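These notes concern the structure reproduced below.
Read-outs: derived from the displayed coordinates by stated rules, not from any lab. None of these values were measured; they are calculated from a predicted model. Cβ sites come from the backbone with ideal geometry, for glycine too, and all protein chains shown count toward neighbours.
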Amino acid sequence: MMTQRKQNDKTFLERFWNEFFFAREFEYETPLTPDEVADVLRDRVDGSGRKAPWWDTGMTNEVEITRQGDKQQSFTIEAVGSNWGSRTITSHTEGEIQADANSGLTIISGKTMFGRSHYGPIFLIGLTWTIMLGIGLNSGEGAGNSLIWLVLFVMYFWYTYRDRNAQAKILDEAIMNAKPKTAGERLTLHDEEDAYANLFEEERKSTIIQHD
């Protein structure tokens with residue numbers, strides 16, 4: 001079985017509302033183990049990025065994975081401005097990796113959102129446009145003076161929407177193109193992990209004996 005995207009049960013309006021204004025949700029079903037999924041995120045997503053459309057800079061994705069048990073892990077992905085003076089997060093992903101005991105598959109679920117730094121400008125530009133529109137209509141001058149703020153709002157929102165979807169696309173391509181390890185590769189990896197664990201234990205015992 002190959003990795004598949006799972007369909008949610010939300011209505012079209014619910015999906016549109018979440019997709020357009022808040023978060024792009026995702027859910028995958030994959031034969032990869034939770035550890036293999038975590039390796040894919042580290043190898044293919046961490047350090048990836050893209051150039052910003054209007055500035056001589058770019059965004060780099062930073063992945064952080066937290067193990068919550070033998071069969072469950074959580075992860076975050078943050079797109080950070082690579083050449084900016086401060087740590088500005090432009091898009092943010094939160095997800096869960098969990099093995100399904102019934103199917104034997106791994107479920108990857110979560111959502112990709114606008115970075116917190118975007119909400120302030122979106123709100124202020126939208127508020128200014130609303131105020132200017134109200135002033136123009138009340139004074140009888142029409143909506144002409146508010147059009148520049150409407151254009152700014154649309155352009156900024158397009159940029160944040162594009163940036164968020166770029167991160168979602170990188171994650172989607174990494175997961176959908178990942179191949180599970182063969183039984184032989186998993187056995188070899190398990191043997192290597194056991195060998196490292198045994199070596200560490202022997203070194204620890206040797207250190208204790210030397211101190212005694």
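Values for this structure:
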{"item": "Computed label-point distance, nm, for sites M1 and K181 using a 7 Å Cα→Cβ extension", "result": "2.1"}
{"item": "Under 5 Å, built H, 5+ apart or other chain: amide partners of E27", "result": "K6"}
{"item": "Label-to-label distance, nm, for residues given as W158 and D46 (7 Å Cα→Cβ offset)", "result": "3.6"}
{"item": "Hz values of 3J(HN,Hα) by residue in the range 97-104 - Karplus curve (6.51, -1.76, 1.60), Gly and Pro given as x", "result": "10, 9, 6, 9, 5, 6, 8, x"}
